[in-house]
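For reference, the structure discussed in these notes is given below.
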2 protein chains.
Amino acid sequence: MLEHGGRLSAAALNFGIPLNEWLDLSTGIAPYGWALPPIPATAWTRLPEADDGLEIAARDYYGVASLLPVAGSQAAIQALPRLRRNARVGIVSPAYAEHAAAWAREGHRLLQLSEAGVNRALERLDVLLLVNPNNPTGRRFTPEQLLSWHARLAVRGGWLVVDEAFIDCTPEHSLAARSDLPGLIVLRSFGKFFGMAGIRLGFVLAQQGLLDQLAELLGPWAVSGPARAVATALLQDQAGQRVQRQRLLVDGERLGELLREHGLPPSGGCALFHWIACERAAGLHDFLAGHGILTRLFDNPTSLRFGLPADEQGWQRLQQALRACRSEFIRDQGGGIARSIADKSAPTYKGIE
Amino acid sequence: MLEHGGRLSAAALNFGIPLNEWLDLSTGIAPYGWALPPIPATAWTRLPEADDGLEIAARDYYGVASLLPVAGSQAAIQALPRLRRNARVGIVSPAYAEHAAAWAREGHRLLQLSEAGVNRALERLDVLLLVNPNNPTGRRFTPEQLLSWHARLAVRGGWLVVDEAFIDCTPEHSLAARSDLPGLIVLRSFGKFFGMAGIRLGFVLAQQGLLDQLAELLGPWAVSGPARAVATALLQDQAGQRVQRQRLLVDGERLGELLREHGLPPSGGCALFHWIACERAAGLHDFLAGHGILTRLFDNPTSLRFGLPADEQGWQRLQQALRACRSEFIRDQGGGIARSIADKSAPTYKGIE
């Protein structure tokens, strides 16, 4: 199993701080959202049925004609590589590591690509996979760029797979509306924007034939009844979605500003997280963890991802810790020199091909 | 996708009876059970973590040292065939059809066996798969018989897979306690006995090495947070389990008796359902559906499965419909001849090898 954010219990053990005293910024999941809508008793007791309104609500929300609910976009990530054989798969890297692991597991040939390397590699690929906005770098791809890559792949029967797990705050960048194109597969996460990661729900947007194959692999009743009931209500709540989107965008800006103010200018980010590539990421991670603040540390490139605090108390706590962090790291440098903690001469990630 | 019980919406459309007027006896899921235990808010909002107590509660309940929670035993049924290559797989048939579909999907060679045919076929098999008690026939296998088959398979690196989805009322027949044997894989369903089929939870009991492989295929966060919270509480509630077991056993007896009284002697069954093999199954199914009672019709062999009514009103309704059914079917026969509706000279299922 790969390492992931959200492993608060492990952090509590590692750093000797009780579970309920942590500020968990280690994921990119919205830390606030909806009150739980009413869930009918039958959602718990009966096998889920497909005609309960979830698909209709989701098609409206995503603006598509065909989609497949899955038990988290993770379920689609695991299953998609089973729909091709011996593919050459380019993954714009670094990216959410489960993609590469899933394609490798099924025996495909992987090419880790920098964004700049895509054009050159494209003619050799059967599948191009990227995350937009990217996790953890926050890098965005324009729809025009993606559709141009898609066109070059599709003409040879290739696929463009776009993981849009973090796109709900900026739907204008989404390819959802074009997911009826052959060879275009869009993955959406429900839990991140709606703040309901525990229910395990995501959607695959693609042509119906591909969705049918995927459904066959995933089997019946893949999504739980309570998840279906909750998501149906939230996907229909357009007013709530506007409030959530606005709040996340404002908080995303605030997080970026706060990090900059404390000598940690983000290398990238989106509404739900900011990302800092710097050589001292591990030291920063452990310093913050010592203050009961969990961030997500990445090795390659050496970097740190910050999610959003849930409330004002969390913001204040983060601010205090960042202030202490700056003092500590400046003292390390011999004091007096108010240089940036995130050494910008340090290597940020290098595209790999 | 295969046909399944529980498709009430489809029945409502087919028979023109509103959804809320049906008595659904088409599944083998306990129609009553537990009040919903408290679910912490974080079970909905955060990614599920593995150290929340579910595994401990489940190991206690099943009496095993290692197990893997999965999103319904269906998830394990879909994934298990991916752990072997080119196996010769014997399935004691008829049985829950998803098993054969899953092994066929992965390119294995299937042999549908009668119970009597197992001994002869065993030396040619890599995997023997059976459901105990069997769904839909209700047929039971003794632990001694199963362990003897297992021993013959295991010595050659073979597997015995026992789907114990309906065994919770008769745990003395379970092989759970022996699931530490190499090559023995026991599947357990949570939703059927506990009456919580909507949460999508099951368990695989087997040696840790096999569970690790399975976990890798299923990926992280396979079971939802609310499912984990609910199941942890119910698996710990030993008093509640005793009540549920007793009630289901009594109701299972009552169902068998009621069917017998109305000329429909079960060919087999268990606490959660009874099964009637007879040529007129389709006619019976449609007659009962016309009265708003949904049963599960099988083609091969021609047969009908009845689940349990939830309450006294349901029992009365079933009794009245069975009475009307008997009158109707006797009139069909020319009247006057009080013969059994379930023609016992009709072919019951034939074992196929």
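The values are calculated or read from the model by the stated rules, or taken from the named source; none is laboratory data. The shown structure was predicted, so the numbers you read here are calculated from the model rather than taken from an experiment. Cβ sites come from the backbone with ideal geometry, for glycine too, and all protein chains shown count toward neighbours. Accessible surface is based on the protein model in full, side chains and every heavy atom, while ligands, DNA and RNA are left aside. Shrake-Rupley method; radii C 1.70, N 1.55, O 1.52, S 1.80 Å.
Scanning the range A:267-278 turns up no residue that is surrounded by fewer than 19 Cβ atoms within 10 Å (Cβ to Cβ) and either in contact with a Gly (Cβ under 8 Å, 6 or more places away or on another chain) or not in a strand (DSSP E or B) (or both).
So which residues in the range B:34-48 are open to solvent by 40 Å² or more (accessible area, probe 1.4 Å) and either within 7 Å of chain A (Cβ to nearest Cβ) or more than 17 Å from residue B:237 (Cβ to Cβ) (or both), if there are any at all? B:36, B:40, B:41, B:42, B:45, B:46 - these are the residues of the range B:34-48 that are open to solvent by 40 Å² or more (accessible area, probe 1.4 Å) and either within 7 Å of chain A (Cβ to nearest Cβ) or more than 17 Å from residue B:237 (Cβ to Cβ) (or both).
Against the numbered list (1) more than 13 Å from chain B (Cβ to nearest Cβ); (2) more than 16 Å from residue A:168 (Cα to Cα); (3) open to solvent by 50 Å² or more (accessible area, probe 1.4 Å), residue A:19 comes up short only at (1).
Evaluate the range B:83-91: report whether one residue or more is open to solvent by 10 Å² or more (accessible area, probe 1.4 Å), at pLDDT 95 or above and within 14 Å of chain A (Cβ to nearest Cβ). Scanning the range B:83-91, I find at least one residue that is open to solvent by 10 Å² or more (accessible area, probe 1.4 Å), at pLDDT 95 or above and within 14 Å of chain A (Cβ to nearest Cβ), so the answer is yes.
Can you report the number of residues in the range B:287-313 which are under 17 Å from residue B:268 (Cα atoms) and open to solvent by 60 Å² or more (accessible area, probe 1.4 Å)?
2
Checked against the criterion of being within 21 Å of residue B:226 (Cβ to Cβ) and without any contact (Cβ under 8 Å) to a residue 40 or more places away in the chain, the range B:12-35 has at least one qualifying residue.
Residue check: residue A:217 meets all listed conditions (1) among the hydrophobic types (A, V, I, L, M, F, W, C); (2) within 14 Å of chain B (Cβ to nearest Cβ); (3) touching a Gly at 6+ places or on another chain (Cβ under 8 Å) but one, namely (3).
When every residue of the range A:61-71 is checked against the conditions, at least one turns out to be within 10 Å of chain B (Cβ to nearest Cβ) and surrounded by 17 or more Cβ atoms within 10 Å (Cβ to Cβ). In the range B:314-321, the count of residues that are over 16 Å from residue B:5 (Cα atoms), of a type in the set (A, V, I, L, M) and open to solvent by less than 50 Å² (accessible area, probe 1.4 Å) is one or more. Flag set for residue A:95, criterion: open to solvent by 20 Å² or more (accessible area, probe 1.4 Å) and either assigned to a loop (DSSP other than H, G, I, E, B) or at pLDDT below 95 (or both). Any chance the range B:123-140 includes a residue that's within 14 Å of chain A (Cβ to nearest Cβ) and not polar (S, T, N, Q)? No, the range B:123-140 contains no residue that is within 14 Å of chain A (Cβ to nearest Cβ) and not polar (S, T, N, Q).
Being assigned to a loop (DSSP other than H, G, I, E, B), among the acidic types (Asp, Glu) and either at pLDDT 85 or above or over 24 Å from residue B:135 (Cβ atoms) (or both) is the filter here; which residues of the range B:300-353 pass it? Within the range B:300-353, just B:311 meets the criteria. When each of B:292, B:268, B:263 is tested for being closer than 25 Å to residue B:166 by Cα and of a type outside the set (A, V, I, L, M), the lone residue that passes is B:268. Residue A:236 satisfies every condition listed in (1) open to solvent by 30 Å² or more (accessible area, probe 1.4 Å); (2) of a type outside the set (D, E, K, R); (3) under 30 Å from residue A:315 (Cα atoms); (4) touching a residue at least 12 places away in the same chain (Cβ under 8 Å) except (3).
Tell me yes or no: at least one residue of the range A:24-31 is within 11 Å of chain B (Cβ to nearest Cβ), within 30 Å of residue B:51 (Cβ to Cβ) and among the β-branched types (Val, Ile, Thr). The answer is yes, given that some residue of the range A:24-31 is within 11 Å of chain B (Cβ to nearest Cβ), within 30 Å of residue B:51 (Cβ to Cβ) and among the β-branched types (Val, Ile, Thr).
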